[in-house]
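The values are calculated or read from the model by the stated rules, or taken from the named source; none is laboratory data. Since the model is a prediction, treat every value here as computed from it, not as a measurement. Positions of Cβ are generated from backbone atoms using ideal geometry, with glycine treated the same way; all protein chains shown enter the neighbour counts. Areas reflect the complete protein model, heavy atoms only, side chains present, ligands, DNA and RNA absent. Shrake-Rupley method; radii C 1.70, N 1.55, O 1.52, S 1.80 Å.
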Amino acid sequence: MDIPQLANPLILLLISPVVLVGWYAVRKGIPKALIISRIIILSLLIIALASPFTLGTSTVRDETPRITVISDQTMSMDLFNKDTGTKIFESIKSKTPTTYRQFAGISSPIGDEVINNAENNNLVLVSDGNNNHGKDLFDAISFVSRTGTRVFAVKQKPIHNDASVEIESAKNLIVGNDNVFNIVVRQAGNETSYRLDVQIDGAPVKSESFVQKERTKVIPVSATFNSLGTHKVTATITPSSEDWFKLNNVFYKSVFVVPKPKVLAVTDDTTSPLYKVATSLYAVTTMNSVPDDLAAYKAVIIDNKGAAQLSAESLRKYAGSGGGLVVVGGDAAYDKGGYNNSPVEAMLPIISRAAEYKGGRNLVIVMDASGSTAGEDPATGLSFIGLIDANALNIVQNIASDSRLGVLAFGGVTAKTDILPMGSEANKAVLEKFIRDIGPKGSDNPTDLDKGLRSAEELLNSVSGTKEIIVLSDGMMPPEGFDQIKKTVVDLKNKEIKIHLVQVRLSYETVKEANRLYNELAKAADGQAVVLNPDERAGTLIETKPSETVTPTPTPTPEFPPSFGIDAVDANHFITKYITFTAAVTGYNEVTPKLGSDWLVKAVVKGNNKPILTTWGFGLGRVASFTTDNGAGETRWASAVYSGENSRLIAAMINWAIGDPRPREGVVIQAGDIWGGTPGRVVVTSNTLPQVKLDGAALDLSRTGPTTYEASINLEKEGFHDLSGYGIAVNYPLEYREVGFNEKLNTVIESNGGRVYDESEVEGLLLLDIKEKAVRTVQEPKSQKEPFLLAALGLFLAEVIIRRLKDYRKERPDIQDNPPRAEQPAPAAPVAEPVAAE
């Protein structure tokens, strides 16, 4: 039963004078029982006057729901009927309160518009859904949906067709290597015809005609550069069918070719396919062990080495300082090489153990709801508590059905659920509702993580099996009480409860560093704090049952069918984008991706997905775990991955680890190509004040670090520009890249409780659906005055009755001692005898 709250708690102060008056009356000789009775009666009346209440849940249906029609009038909407938003508004404004909003210009901040208009319960979005500025649209829809706002959209058919072209490739390329330029052609409609012409440094390398029926087509063009410095790539489409916009038919790409970077291969096998691919692409130095000094290398490749053979400290310093690390598996690595719980594993994005743990698995999410989580970014509308909620919901939605999960929030007052089996959708719904209802408990409430952890321990004490705690927080740890929190973390670790500490960020950061004290807690738990940018989620939960020993017994090689096909888990990552996988592997290392890592490639084994490539950032560097072998030796698990189109995965993986392939010495300029109307950023690294010129004019640089200088540039002229020998290109405005309706909008809106309508059905179904969905659960106060009033009345009546009885007895004192006797009946009068007639 809920404990009543008081609307006017200060009224309770009136009880004090009532008690004092009663005490004074007793001193004056008034009967004590009468005074106590009156004090209780008056106190009950005062409590009723303070308006006690409880919060009750009720369902409310809104027959006239508020609607805001958001009409996108930006330049890309010229392909559609721009009057659609107005027509929808006119058709429903007389039936329900409706507001009309529109935005226009040469950029589409659709996500910002959704957030800015979320005070209404229902948003109708009339747009192509191609967001290119401000808050991400899909994140915005998810965000406002958690606050009770539903988003609907209208899918328009374009009345004009248009095609755009773009070149996707790395900016800095390596001399002598085969490079692939992906020419991406997008169209708004269902069919377009065009001729594609590609030039490199003014020389034609491809000219071909296409009839495109898909919305997006990717045409790869290969090129090898044998000279260093800037090179210019141009792609032009010449449509022979309708093409509404002309300015997006040409795309410019400036690339910078550098010498082969130095890479260290720590391997015993110089004949493997892995080694051959690496030596064909980079300047490779080969060693059998890890040297102490790795500063000369842009990347280090560890090939099938056991943990005992590696210098964890050297690798940690190297990766933390910005180096790239690629760890390739095999029959002597990962689960077969003693990586589990080793210092080497601590810097890898995986746990060297299989994900399918057969025992009971129990997890408690500890959510920070202290006052500091109310902080938000005014520019994006994101709040810490909103991101914490989003990550908690992500865990609930993705946790395995054979697990048990509980959720609690700390921050002054600790609220928690039971630990529930996740095989039930009803249990998941209970946890999701609890998470959505959580908010900051007030600015004065402390970050009382110690109580939160102890409450999580109490939940986990009720179950058996592996026990884990995930703390979701803004990472703000006050120094006061920190030592006690650290002791609690160590105590829980000693009780074999694994603790993961996750810190959410409001802004996007390339270098993810946790707050110092928060990371210190993570180290006390034998881990490292995971830092998530706003668009990242907690993702796959890791299995962390403590091992019996630091070096586990190697698991036997499983029995495999002939091969297992590999495929991308994330097809939009730099490594996997535009790679078509046709290879298969016959073996792999048993690993589990860590929380916060990026699982990119999988092998499907007997219906289970096995990690093949997992990455993450470590300090300033990048780490990739490739958990199959080098394609040689007795195992030859992955020989097919190192040949043909599939070998692009190996090159992309090492290139990603390297990052910028240019040497670190001298003056290094970093500047990406620019979309028209969008400012560009120039970063210069130099030990001395650099002199940089943009198209011959001196560039004004601002010092932002000991060796870094930055400048913002705005270039309106499309084409190629020179930045002291480092080329940059300016293209058409970003508004004209994505054309036509964004089909991903369907999935996002429907998964958040809305619907996407065709133009033909919107007027008939929109209002009906909104009314049907305009049912919400609200908490309303329910008065609890009646029990106190009835108690006061009952006590008063009882007192009156008792006093009346006493008064009655005083008036007839002989009632009890001399009860009245029963009266004798009077003798009957004699009856006269009748006189006989004579």
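Values as computed for the structure displayed
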| quantity | calculated |
| --- | --- |
| Unmet criterion (only one of (1) of a type in the set (D, E, K, R); (2) in contact with a His (Cβ under 8 Å, 6 or more places away or on another chain); (3) surrounded by fewer than 17 Cβ atoms within 10 Å (Cβ to Cβ)) for Asp112 | (3) |
| Qualifying position, being touching a residue at least 24 places away in the same chain (Cβ under 8 Å), closer than 19 Å to Leu408 by Cα and of a type outside the set (A, V, I, L, M, F, W, C), among Lys486, Lys451 | Lys451 |
| When residues of the stretch 691-718 are limited to those that are part of a loop (DSSP other than H, G, I, E, B) and touching a Ser or Thr at 6+ places or on another chain (Cβ under 7 Å), the one most open to solvent (accessible area, probe 1.4 Å) | Thr707 |
| Residue satisfying condition, being under 39 Å from the mean Cα position of the chain (by Cα), farther than 30 Å from Ala308 by Cα, modelled with pLDDT under 95 and crowded, with 17+ Cβ neighbours inside 10 Å, within set Ala188, Ala170 | Ala170 |
| The one condition in (1) at pLDDT 80 or above; (2) open to solvent by 50 Å² or more (accessible area, probe 1.4 Å); (3) out of contact with any helix residue (DSSP H, G or I) (no Cβ under 7 Å at 6 or more places or on another chain); (4) of a type in the set (A, V, I, L, M) that Ile395 fails to fulfil | (2) |
| Filter pass, Leu137 being in contact with a strand residue (DSSP E or B) (Cβ under 6 Å, 6 or more places away or on another chain) and among the aliphatic types (A, V, I, L, M) | no |
| Residue check for Val762: part of a loop (DSSP other than H, G, I, E, B), touching a strand residue (DSSP E or B) at 6+ places or on another chain (Cβ under 9 Å) and under 30 Å from Asp83 (Cβ atoms) | no |
| Top-ranked residue of the stretch 87-106 - restricted to ones that are in contact with a strand residue (DSSP E or B) (Cβ under 7 Å, 6 or more places away or on another chain) and among the hydroxyl-bearing types (Ser, Thr, Tyr), ranked as modelled with the highest pLDDT | Tyr100 |
| The stretch 197-216 residues that are under 15 Å from Ile167 (Cα atoms), paired with ones that are assigned to a strand (DSSP E or B) and of a type in the set (S, T, N, Q) (beta carbon under 6 Å, 6 or more apart) | Asp197/Ser207; Asp197/Thr236; Gln199/Thr234 |
| Lone qualifier among Ala638, Ala632 - being open to solvent by less than 20 Å² (accessible area, probe 1.4 Å) and touching a helix residue (DSSP H, G or I) at 6+ places or on another chain (Cβ under 7 Å) | Ala632 |
| Residue within the stretch 228-241 that is surrounded by fewer than 16 Cβ atoms within 10 Å (Cβ to Cβ) and closer than 23 Å to Glu743 by Cβ present | yes |
| Residues of the stretch 328-343 satisfying the condition of being surrounded by 23 or more Cβ atoms within 10 Å (Cβ to Cβ), touching a residue at least 40 places away in the same chain (Cβ under 8 Å) and over 16 Å from Gly587 (Cα atoms) | Gly338 |
| Selected residue (criterion: nearest to Leu393 (Cα to Cα)) from residues of the stretch 737-768 that are in contact (Cβ under 8 Å) with a residue 60 or more places away in the chain and open to solvent by 80 Å² or more (accessible area, probe 1.4 Å) | Lys744 |
| Selected residue [polar (S, T, N, Q), within 30 Å of Ala223 (Cα to Cα) and either open to solvent by 10 Å² or more (accessible area, probe 1.4 Å) or in a helix (DSSP H, G or I) (or both)] from Asn179, Asn161 | Asn179 |
| Residue that is nearest to the chain's Cα centre (by Cα), among those in the stretch 580-596 that are part of a loop (DSSP other than H, G, I, E, B) and hydrophobic (A, V, I, L, M, F, W, C) | Leu595 |
| Residue that is farthest from Thr678 (Cα to Cα), among those in the stretch 118-140 that are touching a Leu at 6+ places or on another chain (Cβ under 6 Å) and open to solvent by 10 Å² or more (accessible area, probe 1.4 Å) | Asn131 |
| Residues of the stretch 614-629 classified as outside any strand (DSSP E or B) and either open to solvent by less than 10 Å² (accessible area, probe 1.4 Å) or closer than 9 Å to Pro349 by Cα (or both), total | 3 |
| Flag for Pro65 being modelled with pLDDT under 90 and out of contact with any helix residue (DSSP H, G or I) (no Cβ under 6 Å at 6 or more places or on another chain) | no |
| Residues satisfying the stated conditions in the stretch 242-275, i.e. open to solvent by less than 50 Å² (accessible area, probe 1.4 Å) and assigned to a loop (DSSP other than H, G, I, E, B) | Asp243, Phe245, Pro261, Thr267, Asp269, Ser272 |
| Members of the stretch 284-302 found to be small (Gly, Ala, Ser) and surrounded by 14 or more Cβ atoms within 10 Å (Cβ to Cβ), listed by number | Ala299 |
| Count of residues meeting criterion [basic (Lys, Arg) and surrounded by fewer than 24 Cβ atoms within 10 Å (Cβ to Cβ)] in the stretch 141-152 | 1 |
| Complete set of residues in the stretch 303-319 that are open to solvent by 60 Å² or more (accessible area, probe 1.4 Å) and not basic (Lys, Arg) | Ala308, Gln309, Glu313 |
| Residue list for the stretch 261-275, restricted to those being modelled with pLDDT under 95 and charged (D, E, K, R) | Asp268, Asp269 |
| Residue match in the stretch 732-750 (condition: assigned to a strand (DSSP E or B) and among the acidic types (Asp, Glu)) | no |
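Let's see how each residue does on (1) exposed (fewer than 15 other Cβ atoms within 10 Å of the Cβ); (2) part of a helix (DSSP H, G or I):
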{"position": "Gly29", "(1), (2)": "yes, no"}
{"position": "Ile35", "(1), (2)": "no, yes"}
{"position": "Leu44", "(1), (2)": "no, yes"}
{"position": "Val69", "(1), (2)": "no, no"}
{"position": "Met77", "(1), (2)": "no, yes"}
{"position": "Lys82", "(1), (2)": "no, no"}
{"position": "Gly85", "(1), (2)": "no, yes"}
{"position": "Phe103", "(1), (2)": "no, no"}
{"position": "Ser107", "(1), (2)": "no, no"}
